[in-house]
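The values are calculated or read from the model by the stated rules, or taken from the named source; none is laboratory data. Just so it is clear, the structure is predicted and the values come from calculations on it, not from any experiment. Because the Cβ atoms are built from the backbone with ideal geometry, glycine has one as well, and the counts that use them run over all protein chains shown.
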Amino acid sequence: MVESNVICPSCKKNSVNVRYQTFWMCSECGEKYSCVSGIPKLYLEESLGMTDKGLRDKVYKYMAWFYNFWNPFFMLPVRPIKISLKHWLVYFLLVFSFIFMVYNVIDLIAFRGIENVTIKDFLLFAALVIFIFVFSKQQRYAYLLLLAIPIKIIVSIRSFVPKKSISSVHDEFLKEYLESDKRIKMLDIASGTGQALYRRGYMNLNADYTAVDLSAGMIVQGRDLMVKQKAPVDFILADATNLPFKSGTFDICTNYGAFNGFADTKSALKEMIRVTKKGGKILILDEQEYPEATWLEHVYYKKVFACYNTLAGSPVDLLPEELEDMQVHQVYEFIYVFSARKKLDVQKENEIKTDLVKTKNGVLT
Ligand SMILES: C[S@@+](CC[C@H](N)C(=O)[O-])C[C@H]1O[C@@H](n2cnc3c(N)ncnc32)[C@H](O)[C@@H]1O
């Protein structure tokens with residue numbers, strides 16, 4: 001249980017020791033933290049970054065319940081066809097509906113004559129207006145509809161082969177823990193629906209897990225998954241840039257698919273390192289373009305894949321001096337994995353092992 005390592009986000013003392021299913025309270029400063037569906041909300045609304053709050057309230061609040069369907073939709077052209085068939089089906093349904101609606105308007109005006117308008121024409125026109133309105137507000141979807149097929153063709157022709165696959169990067173990362181009998185503590189930050197925590201091999205560890213996220217809708221689904229699996233996971237609503245844990249609590253600290261979108265990536269990395277034990281490891285997976293990306297892939301990456309991001313790629317430019325054995329692997333066309341170990345001794349020199357090279361503006365190419 002992580003509870004003994006919790007600190008108050010307000011006064012930073014290890015004194016959040018009044019605990020009910022309805023709220024937790026810091027006995028030192030008196031700050032009360034409400035519980036949402038039994039999960040303590042250990043963050044202060046006023047200290048949240050604007051973009052983090054915006055995404056929580058405008059995106060995850062509504063999308064959380066179909067996140068596991070909706071999120072892979074944006075990766076449509078870069079996922080193997082056999083695992084994205086239902087997404088392609090939705091894609092073609094949308095494209096053909098749009099073409100049909102436009103065709104109907106042209107047919108009415110140019111051939112049948114506007115005086116012959118029917119209720120069906122009116123409904124189709126209304127649907128077209130709504131379609132255009134939604135896609136102009138959510139340009140990410142519009143770009144996806146436009147670019148999915150050309151990008152699929154480009155990535156199929158070029159067929160990117162990573163120097164190390166995502167599973168071998170994870171196998172290497174976890175090896176020492178799998179070989180040891182010691183029970184460890186692991187933290188998954190921005191855990192969302194818990195997919196990465198559940199699927200990336202961590203469940204084979206001899207570990208107590210803690211999962212944190214900003215969005216109640218997302219984390220409740222993560223909890224439901226782990227309840228089903230009877231996995232030893234504590235869930236806490238927390239802000240990645242102000243984690244409510246004592247320094248040096250966790251052996252492993254991970255962050256999947258969220259880091260580059262944080263309002264304050266520097267503080268998020270600092271916090272990740274702070275709560276990790278000396279000698280412990282961190283792993284971040286998020287978006288980064290592969291060096292050979294064409295102009296059109298770049299447009300897709302910017303407008304669809306990474307449209308909410310504040311950071312262009314892996315956090316190597318933040319170069320924290322507390323880390324060593326830093327590695328960056330481009331595991332897919334648009335995904336990197338960054339891993340590192342927290343130094344036992346901060347005086348040691350830094351060196352990054354990367355299968356990429358650095359350009360002058362700091363973006364990996
Ligand atoms: C793309 S989802 C990734 C979910 C999960 N890690 C996965 O791989 O399926 C991004 C998650 O980051 C969370 N998030 C965004 N800003 C956050 C912050 N400042 N602190 C904690 N979580 C945050 C969102 O609520 C969302 O659940």
Residue within the stretch 238-259 that is surrounded by 18 or more Cβ atoms within 10 Å (Cβ to Cβ) and charged (D, E, K, R) present: yes
Among (1) within 13 Å of the ligand (Cβ to nearest atom); (2) more than 23 Å from Ala64 (Cα to Cα); (3) polar (S, T, N, Q), the one test that Ser215 misses: (2)
Selection within the stretch 32-48 - within 13 Å of the ligand (Cβ to nearest atom) and among the polar types (S, T, N, Q): Ser47
Positions within the stretch 221-249 being away from the ligand (no atom under 15 Å from the Cβ) and either closer than 23 Å to Leu344 by Cα or hydroxyl-bearing (Ser, Thr, Tyr) (or both), in sequence order: Lys246, Ser247, Gly248, Thr249
Residue match in the stretch 125-132 (condition: over 35 Å from the mean Cα position of the chain (by Cα) and without any contact (Cβ under 8 Å) to a residue 40 or more places away in the chain): yes
Hey, Lys61 over 30 Å from Ile153 (Cα atoms) and in a helix (DSSP H, G or I) or not: yes
Selection from the stretch 254-273 of residues that are in contact with an Asp or Glu (Cβ under 7 Å, 6 or more places away or on another chain), more than 7 Å from the ligand (Cβ to nearest atom) and within 24 Å of Arg199 (Cβ to Cβ): Thr254, Phe259, Asn260
Residue ID - surrounded by the fewest Cβ atoms within 10 Å (Cβ to Cβ), chosen from residues in the stretch 334-359 that are part of a loop (DSSP other than H, G, I, E, B) and modelled with pLDDT of 65 or more: Gln347
Failed item in (1) at pLDDT 95 or above; (2) within 16 Å of the ligand (Cβ to nearest atom), with Thr310 passing the rest: (1)
Single residue of the stretch 178-197 satisfying the filter (over 14 Å from the mean Cα position of the chain (by Cα) and crowded, with 20+ Cβ neighbours inside 10 Å) that is nearest to the ligand (Cβ to nearest atom): Leu187
Lone qualifier among Ala231, Ala196, Ala211 - being assigned by TED's automatic domain parsing to the domain that holds Lys175 and part of a loop (DSSP other than H, G, I, E, B): Ala231
